[in-house]
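A.B. asks: Please read through the structure below; I'll follow up with questions.
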Amino acid sequence: MIVVEGFDGSGKSTLALKIGRALTWPIVHTGGPTKDEDDVIRCLMRSRNRMGLHNVQDRITHVSEACYSMLTKPKQAALAVQCLRDFNDRVTVIYCRPPTDFLLEEGTRHVDKEHDPPGHMDVVRSNARQMIAIYDTVMQVVGHRTGLIVYDRTIDGTDEQIVQKMCRRYK
């Protein structure tokens, strides 16, 4: 499994699509924000079951729930943080992390997706700096478990370098 994770507007979906096409692996999405603690557990289990398979995960509940729920739904975030131990050497994690100012600017353009609850992006925008800092911390933890590839979409050619690296690793 390859996980492509990062804050809104960081380039996850575009990079996941490129990697998936190059490897001819399915691209899997988390399905959007969770509804309650039971939903978090279901999503964590679904992601855990995918960890041994060849797929590109565009976000993973383990990370996104830990980050996006930390400020507003701490019990849900705690469930996800506990499951960060699920990461192992069979999982490659790519952290999409352009500069903070770029993320803040992109966030003003990012819109609610059809699966987002009403006002989701308003909450994200109003807490963006804190949430980016939380992402950085959570991804450090993940990096200790798996190693971490950092992708900055503002640097030309880094996407192709990562795609080539994934092809060398998995083909």
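The values are calculated or read from the model by the stated rules, or taken from the named source; none is laboratory data. In this text the structure is predicted, and so the values were computed from the model without any measurement. We place every Cβ from the backbone using ideal geometry, glycine too, and count neighbours over all the protein chains shown. Quick note on the areas: whole protein, heavy atoms, side chains included, nothing else; ligands and nucleic acids left out. Shrake-Rupley method; radii C 1.70, N 1.55, O 1.52, S 1.80 Å.
A.B. asks: If amide hydrogens are placed 1.01 Å from N in the peptide plane, which non-local residues have theirs closer than 5 Å to the one on Asp152?
C.D. replies: Correct list: Arg97.
A.B. asks: Can you compute the charge dipole magnitude of the chain about its Cα centre, using +1 on each Lys and Arg Cβ and -1 on each Asp and Glu Cβ, nothing else charged? Give it in debye, rounded to the nearest 20. Could you put the intermediate results ahead of the total?
C.D. replies: Numbers: 24 positive and 22 negative charges, 149 e Å.
With Lys and Arg at +1 and Asp and Glu at -1, about 720 debye.
A.B. asks: Let me ask something else about it. Using the Karplus curve 6.51 cos²θ - 1.76 cosθ + 1.60 with θ = phi - 60°, work out ³J(HN,Hα) for each residue of the range 145-160 in order, rounded to whole Hz, and write x for Gly and Pro.
C.D. replies: So the Karplus estimates, Gly and Pro as x, are 8, 10, x, 9, 9, 9, 10, 10, 5, 7, 9, 4, x, 5, 5, 5 Hz.
A.B. asks: Given axes a ≥ b ≥ c from the Cα gyration tensor, I'd like to know whether the range 1-43 is rounded (a/c under 1.5), prolate (a/b larger than b/c) or oblate. Walk me through the numbers on the way to the answer.
C.D. replies: Working: a/c = 3.36, a/b = 1.78, b/c = 1.89.
Verdict is oblate for the range 1-43.
A.B. asks: Continuing with this model, one more query. State, to one decimal in nm, how far the label point of Gln164 lies from the label point of Gln140, with both points 7 Å from Cα in the Cβ direction.
C.D. replies: Reported label-point gap for Gln164 and Gln140 is 3.2 nm.
A.B. asks: Leaving out ligands and nucleic acids, note down the accessible area per residue over the chain with a 1.4 angstrom probe, in whole Å².
C.D. replies: 51
A.B. asks: What are the residues whose amide H is under 5 Å from the amide H of Gln57, where those residues sit 5 or more places off or on another chain and H is modelled from the backbone?
C.D. replies: Ile2, Val3, Val4, Val28
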